[in-house]
Amino acid sequence: MASLVLAACDGGSNGMTPGDTDGGGGSGDADAAPGGGDPFDPAALEADVQLLASDEMKGRAPGWPGDLATRMYIEERFAGFGLDAVDGSFQQPFVDSIDRETANVVGVLPGSDPAVADQIIVVGAHHDHLGVKNDRIYNGANDNASGVSVVLAAAQAVTQRAEAPRRTIVFATFGSEELGLEGSRYYARNPPAGLPIEDVVYMINLDMVGTYFNDDQVYAFGSFEGTPARAALEELLVSHPDITVELGASAVEVEGRGDSDYDSFCRKGIPYLYFFTEDDECYHRPCDDAGRLDYLHLAEVAELTAGSLLALADSDQDLIAARAEFGCGED
Ligand SMILES: [Zn+2]
């Protein structure tokens, strides 16, 4: 699908405006075993990053053909995993503050336990990036094709399981994050039908998870002492001795308020778990390309994400009480 959409458009660098078409090349095989295979295979994650951060996507600027191709690719993967669309569409359209028409992509896995199926865990990552500037393509492999690849891997892993999770899981990718978290802000203020924001008990966020080598660690922001996410991670890390996870840090204190989409949910009183790796060399630079990422550790981040997600979705803990105790607050 992605390559078909791209073949019809060639967005951005030659002064064309969004939606113009000029016939171009596309790459990436979106049809290979959507639900099958090892979701944590580093090569599978790399294939997604290579496609989303390919020059053809022209840096995934909202409203441009590469943005549409990106969203169609994610939608196709969600559909392939058997996730539900909301009101017949995986796209949650919105217009950002500079009048670009774009959308969030949302897929739902309903919970199986009537006692807690109305409670929702959101796992998300932004799919947009900076587009083309001064004829340079900002491919945004780490920021944030890496995070999207983890959301896809987690969706594949969870839907491959025989039993459905107890709580409902929403898999989401957000648009216009680079402009100011506009897609996740839109989602938090206009939740899709049947998915009230009041019922979201946890948000797992992925942003820039491909440069473990920067500090030889990955942050698990929000995994404070006593939180359900902390307990889940500590249990998982027993079987992940080769990765260093910085536990208990606050994203607000380390990165400043509003640096990523968890904040839109945080402001609604929802506790978060946010995986992040620093990138001193190529943050928001044209050198943020797929070839330089650390896919072995990215795959481990994907395993930790899927494991934390399932631990929360199936948890016997009172996550409504945890929300009241650990939510950030104030919108
Ligand atoms: Zn980002």
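The values are calculated or read from the model by the stated rules, or taken from the named source; none is laboratory data. On a predicted model such as this, the values are computed, not experimentally measured, just so you know. Positions of Cβ are backbone-derived with ideal geometry, glycine not excepted, and every protein chain shown enters the neighbour counts. SASA here: full protein model, heavy atoms, side chains in, ligands and nucleic acids out. Shrake-Rupley method; radii C 1.70, N 1.55, O 1.52, S 1.80 Å.
Compute, for the stretch 65-194, the length of the dipole vector about the Cα centre, with Cβ point charges of +1 (Lys, Arg) and -1 (Asp, Glu) only. Units Debye, rounded to 20.
So the magnitude is around 280 debye.
Quick one: length gained pulling S239 to D87 fully straight, 0.36 nm per residue minus the C-alpha distance?
So the chain would gain 50.7 nm between S239 and D87.
Report, in degrees rounded to the nearest 10, the 0 to 90 angle that the Cα long axis of helix 295-313 makes with the longest principal axis of the chain.
Between the helix axis and the principal axis of the chain, the angle is about 50 degrees.
Antiparallel DSSP bridges in the stretch 2-326: what percent, to the nearest 5?
That works out to approximately 50 percent antiparallel.
Can you give me the angle between helix 146-160 and the longest principal axis of the chain, using Cα atoms only, in degrees from 0 to 90, rounded to the nearest 10?
Taking the Cα atoms of the chain, the angle to 146-160 is about 60 degrees.
Give me the accessible area per residue for the chain, probe 1.4 Å, as a whole number in Å².
I get 37 Å² per residue for this part.
Within the chain, what whole-number % of the accessible surface is contributed by carbon and sulfur, with the 1.4 Å probe and all protein chains included in the calculation?
49
State the answer as a single residue: which of G248, H129, F174 lies farthest towards the positive end of the charge dipole of the chain, with beta carbon charges of +1 for Lys and Arg and -1 for Asp and Glu, about the Cα centre.
Comparing the listed Cα positions along the dipole, F174 ranks first.
Would you mind checking the tilt of helix 42-52 against the longest principal axis of the Cα atoms of the chain, expressed as 0 to 90 degrees and rounded to 10?
Orientation of helix 42-52: about 50 degrees from the principal axis.
Per DSSP helix of 4 or more residues, -39500 (n - 2.57); summed, then divided by the residues of the chain. What does that give at 222 nm, rounded to the nearest 500?
Taken over the chain, the calculation gives -9500 deg cm²/dmol.
Count the DSSP beta bridges whose two residues both fall in the stretch 203-331, then state the antiparallel fraction as a percent rounded to the nearest 5.
Once the DSSP bridges in the stretch 203-331 are tallied, antiparallel ones form about 30 percent.
About the Cα centre of the chain, how large is the charge dipole given +1 on each Lys and Arg Cβ and -1 on each Asp and Glu Cβ? Please answer in debye to the nearest 20.
Dipole about the Cα centre, nearest 20: 660 debye.
Give the shape of the stretch 276-331 as rounded, prolate or oblate, defined through the alpha-carbon gyration tensor: a ≥ b ≥ c are the square roots of its eigenvalues, a/c under 1.5 means rounded, and otherwise the shape is prolate if a/b is larger than b/c and oblate if not.
Oblate shape, in that a/c is at least 1.5 and b/c is the bigger or equal ratio.
Calculate the all-directions average of the projected area of the chain's alpha-carbon convex hull, and give it in nm².
Reported value for the Cα convex hull: 15.1 nm².
Go through 242-250, 163-171, 301-309, 60-68 and give me the packing order, highest mean Cβ count within 10 Å leading.
Averaged packing, sorted descending, gives the order 60-68, 301-309, 163-171, 242-250.
Using a 7 Å offset from the Cα along the Cα-to-Cβ direction at both N190 and A321, what is the distance between the two label points in nm, to one decimal?
Distance between the two pseudo-spin positions: 3.7 nm.
Let me know the charge dipole size of the stretch 162-294 about its Cα centre in debye, to the nearest 20, where only the beta-carbon of Lys, Arg (+1) and Asp, Glu (-1) is charged.
820
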